[in-house]
Structures are given as C-alpha cells and as structure tokens.
Amino acid sequence: MSSESALGTVATRGVASGRNTWRAIRGALGRRDGGTLFVLAVVGYLAAYLVGIGHLDWNTGGTAFVVVDDPLARATERMAPYQYEPVALVAAGPFELLVSPLNVLLGLGLGLLVGANLAVSWVAYRSPASCGLGSGAGVLAGFPALFSGIACCGPAFLVVLGIQATAGLVAAFQWFVPLSVALLAATLLWVGRRVGTQATRPDQV
Amino acid sequence: MHHTRRGVLRGLAAGGAAAVGGCLGGDTASGDPNAVEPSQRSSSTTAGETAAPPTADEPRHVAYDHASLRSNVVSGGVPKDGIPSIDDPQFASADDVDIPGGDPVFGVERGDDVRAYPQYILVHHEIVNDRIAGDPVAVTYCPLTGTAQGFERGETTFGVSGDLLNANLVMYDRGTDSRWPQMLATAIDGPLAGATLQEFRIVWTTWRAWRDEHPDTRVLTEDTGYVRSYGDDPYGSYNPRRRYYNNDVTFFDPLTEDDRLDPKVVVLGARLADHAVAFDKQALLEDRVLATEDAETPLVAVADPDLLTGYVYANPDEREVTAEDGGYAVGDETHEPAALPLERVLAFDSMWFAWAGYYPETSYVE
C-alpha cells in the first residue's frame, strides 16, 4: 500500500469515526437520561474547573459586583498558561466568582467534552453492543485541567498539598489543559466509534 | 479570611475599579534612618520608562558567581507580569480599613509619610511601584522566602519576571529588562548585570503594632486595578501561621541546604561586604540584644518590642549595648531601638532556608 493510499485510509477511518461519534452524541443527548447527565456534567465540570483555578470560592463577605477598568483589554492578559485575568468579581449568596471570560469559555468547552463523554459512555454502558464500557470512561480525562491553576508561583495543587515542586513538574503543568482536551477527544472518539450506530437504535438501548 | 474587601468594593462599585490619580505626595525624606543609606546613593536616572533604576556605589555581597546563579533560575510557572505589580496604588487611612490586628503588614516611614502594605494584598502582586514622600520606590514581597524589601526605582518600575532563584522572586526593571533576584538586590542578567539596587528598610510587623505606633499611617487598599480573592492566601496563613508558612516544604529547592535550623525559622539577615549574618528573630525579641562573637566586623542587633522587629548596627568598637526600659543604653544615654549612635546596617526578615541558600557561609546568632 502506498503512503498516499494509507493516508487516505486513515482519513476515511477518521471521518467515519467522527461521524459515528457525532451520531452517538446526538443519540445520547436525545435520551432523557443522557441529556440530563450531559447538562449535569457540563455544569459540574465547569464549577470544578473554576474552583480548581481559584476563580470560584465560598463567599465570606456580603454582596458585591466589581468590574475592572477596560475589561476587554484585561480579559486577554495571561496570568499563567491557559489562565487569564479576571475582569469582574461577583459575590452573592454563598459564592464568590472571579469572572475571567476566556477561562469560563475554556471551562465550558472542557465541560462539553466531559459531558459528551459521560453521556455517550452511559449509553454505551446501557447498550448490549458496547461490551460493558464503564459509564465513567473518559471522564477521568478531564482531571488534568482541574489542576492547571496557579498560586502566585507554581501549581496551586502542589502548594495546597504541600508537595515539593521541581522544574520539570512546573514545566509539565502547563500541558495539563491541552492534555485534558486531547484525552477527552480521544476517549470520546473511542467510545463513540463503538456505540455511534447502536446508540441511535431504540431497540438497542 | 476576607478583610477590607467589602468596604473597598462599595467604593469601587460607585466609582468603577479604575485606579485614579497618582500617588500621594508628601515631604521629602530627611534624617530618616529607614531611608537609603547615603553611601548607597549614586547614579541618577533619565526620565521615562526606558530609564534604569538608580544603583548603589558599592555592590552587595553575593556568594555565587552570576553564571552559576543564572543557571539556577527556574520558571515559577507564570509568564512575565503574570503576577501583576501594583503600579497605581491607592491608600486609605487606618480608620477606614478593617484588618485583623495580627495580620502582617510591611511598614515604611519616610519623613512624615508613613505607609503600611498589607501582606494579604501583596501576596497577590509581590511588587508595589509607589512614591513615598515624593520618592519613586518599589515595595517588594516574596511569599516563598518571606522577604519584604524596599528599593529606589528612579523613573522606571519593577515587575515580576515569573522566574525564581533560590525560591526567591526574580524582579525585572521595565527600563532595561535586567533581572534582579529580590534578596540579592543585584542584577544577575541583562544590561545592568552586576549592579546593585539602592535599598531601604521595610519593617515586617503586625497591623496592630504598626497602627498603634503610627496612628496616622496610610494603608494600601484592595483598589489595585485588579480583581482578586484578597484575603485568600494561596500559600496558607500567617494569622495563625499555617501551611506553607509553617511547614518544612520549601516548594523549590534552595541553592544550598543548611540544616542548622528548620527551613521556615525567621531570621533577621544582614549583608556585609564579604559575608552575611543572621540573627534569630525570636531569640532577639526575647533577649532584646544579640551580638556577633569573634567577628571581623562586630555587629549588634537590638529588638523593637513595640514593632516586633529588630535593627542591626555595626559595632566596630564593641561598645556595650544594654537593654533598658524604653530603649537601649549606649554609653551614658538611652536610645530608641531604631536610633542607636552606631552605623545602621540594612537588615530584613527572611525564612532561614532562603537566607542560608543565598549565603551559605552565613553566621547565625541566637
């Protein structure tokens, strides 16, 4: 087989895998349990991510709303790899939120991937054709990004845990977000490829 | 802990979070023992952000060669200015803030201009580019080494490079982009490599002690131009002392390990021409007077019980210094701890591991 035709085969399989995954996602979200799981996962992951990077915390003061001067410019200022300046502080009820628009979008994107993983995995788990895929498959892939926050100098989770940092570890933690994205996409494709067709068949679920 | 936030936020909400106006003016410094040592004043600067910071005539003692230091610089995981300095600081009076009395503040007194910089704000910014008594200065703080130091900045400003050396903040000046490890006060990289900054004393004390001593003090507010969870210290707490400030984890390796003391023991460190001396701060506050023994340059340290700090003096004639009620007897007279009739040597608080890491030959007095 020539390299050209091999490439073509890989591309064809990739497209097919993507179609299957897309079908699996649509099928999973079309079910009540899958849809509910998806929404809960997106919201839950977004909250966990914001807590992880230190933008969501308990509110120990009163109600407040503050916006920085020139929020558009401030929003793109980088604090750390994949972490951007908050442009507002919202404190209300039990929660205090530092609003960094880019991090909210990033957390939402990761949450969508986690939600899709969880919903499709759930469908796969319920499907006889899935060979017993666990419902948590792929969700663990979202974990690295939860630990991508910084605490002034260095990864926040190391500080919290009181763990010695090394130059290699500090260098590695900037890859936590891309690592999460890659793992989530890979697991989604992996699960989706197996259940894409079956998930849309009512008789199989 | 959340301190003054709500009060400040109300003000911000009404007027927007934009920092307004310049810094407070004031009298020029005169006869202030906390000010820059006269022998250190030297080069002038040109106006503008391209200016270099003023440097000292004589370099500080540095125990390592610069190439070795440069090779030990590590990334703290944040980009340049990822930890933003406060470049337009706003102040309030002592009565307008609600800071727990035991919280640490960094106090500066220059002429009639007295200011306090709360640790819980500086832990999120590390550098404040300010004007005190009209003089452009940088008040700097490194949470990992527990060091607060003041520098004359001329017409430039300092920022946080994102790098660390010996777990210590590496600053850069925005005029020349030279790299200045805070505790060394000496550039190890860039156009000003080898130059030494002009330093001034910052008093690490508690808000209660500083406010009682200086009721007219102005206090840095949370109106920094940035939104942060002020009151949440990512490293732990000083009031009470917890987590990083109280455990043995140094987070980043020091240049040299020295197990004479636990890593986070606080010492009052002084650098001389060719060596360094560390006084145990707790021992100093208890005994009130500590002196070096058999030193080429005898030093004596005295405690200031009111401000919970100490001062170090060169004592070449080894004059007797005795603690008395209300001060210290030197000869026939009693003097305030900050005003002994001896030559003051700049000293600052530091965690032991950081001090010993930079100055492995340091003597230790307890």
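The values are calculated or read from the model by the stated rules, or taken from the named source; none is laboratory data. All values derive from a computational prediction rather than experimental measurement. Glycine gets a Cβ as well: all are built from the backbone with ideal geometry, and neighbour counts include every protein chain shown.
Yes or no, residue by residue, for (1) assigned to a helix (DSSP H, G or I); (2) at pLDDT 95 or above; (3) over 22 Å from residue B:309 (Cβ atoms):
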{"position": "B:255", "(1), (2), (3)": "no, yes, yes"}
{"position": "B:263", "(1), (2), (3)": "no, yes, no"}
{"position": "B:267", "(1), (2), (3)": "no, yes, no"}
{"position": "B:274", "(1), (2), (3)": "no, no, yes"}
{"position": "B:279", "(1), (2), (3)": "no, yes, no"}
{"position": "B:283", "(1), (2), (3)": "yes, yes, no"}
{"position": "B:290", "(1), (2), (3)": "no, yes, no"}
{"position": "B:294", "(1), (2), (3)": "no, no, yes"}
Can you tell me how many residues in the stretch A:156-181 are more than 9 Å from chain B (Cβ to nearest Cβ), in contact (Cβ under 8 Å) with a residue 40 or more places away in the chain and of a type in the set (Gly, Ala, Ser)? 1
Kindly indicate which of B:205, B:297, B:224 is over 30 Å from residue A:66 (Cβ atoms) and among the hydroxyl-bearing types (Ser, Thr, Tyr). B:297
Note on residue B:343: of the conditions (1) surrounded by 14 or more Cβ atoms within 10 Å (Cβ to Cβ); (2) closer than 26 Å to residue B:150 by Cβ; (3) not small (Gly, Ala, Ser), unmet is (1)
Hey, could you check the stretch B:62-114 for residues that are over 21 Å from the mean Cα position of the chain (by Cα), within 13 Å of chain A (Cβ to nearest Cβ) and of a type in the set (S, T, N, Q) and say which is surrounded by the fewest Cβ atoms within 10 Å (Cβ to Cβ)? B:71
Go over the candidates B:173, B:163, B:189, B:177 one by one and state the one that is acidic (Asp, Glu) and under 16 Å from residue B:251 (Cβ atoms). B:163
Can you report the number of residues in the stretch A:150-191 which are small (Gly, Ala, Ser) and modelled with pLDDT of 75 or more? 7
Restricting attention to the stretch B:239-265, which residues are without any contact (Cβ under 8 Å) to a residue 12 or more places away in the chain and at positive phi? B:243
Tell me the strands (runs of 3 or more DSSP E) entirely within the stretch B:116-172 that contain at least 2 residues that are more than 11 Å from the chain's Cα centre (by Cα). B:127-132, B:135-142, B:158-165
By residue number, the members of the stretch A:61-115 that are surrounded by fewer than 17 Cβ atoms within 10 Å (Cβ to Cβ), at the interface with another protein chain (Cβ under 7 Å from one of its Cβ atoms) and not acidic (Asp, Glu) are A:61, A:62, A:65, A:78
Taking the stretch B:299-335 and keeping only residues that are touching a residue at least 12 places away in the same chain (Cβ under 8 Å), surrounded by fewer than 17 Cβ atoms within 10 Å (Cβ to Cβ), touching a strand residue (DSSP E or B) at 6+ places or on another chain (Cβ under 7 Å) and in a loop (DSSP other than H, G, I, E, B), one is left with B:319
So for the stretch B:185-193 (the condition being touching a helix residue (DSSP H, G or I) at 6+ places or on another chain (Cβ under 8 Å), part of a strand (DSSP E or B) and over 25 Å from residue B:266 (Cα atoms)), does at least one residue qualify? yes
Only one of B:135, B:177 is surrounded by fewer than 23 Cβ atoms within 10 Å (Cβ to Cβ), more than 14 Å from chain A (Cβ to nearest Cβ) and either in contact (Cβ under 8 Å) with a residue 60 or more places away in the chain or more than 30 Å from residue A:171 (Cα to Cα) (or both). Can you tell me which? B:135
Of the residues in the stretch B:66-89, those that are closer than 30 Å to residue B:131 by Cα and of a type in the set (Lys, Arg) come to B:80
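For the stretch B:197-253, please list each of the strands (runs of 3 or more DSSP E) lying entirely inside it that holds at least 2 residues being more than 19 Å from the chain's Cα centre (by Cα).
In the stretch B:197-253, the matching strands (runs of 3 or more DSSP E) lie at B:241-243.
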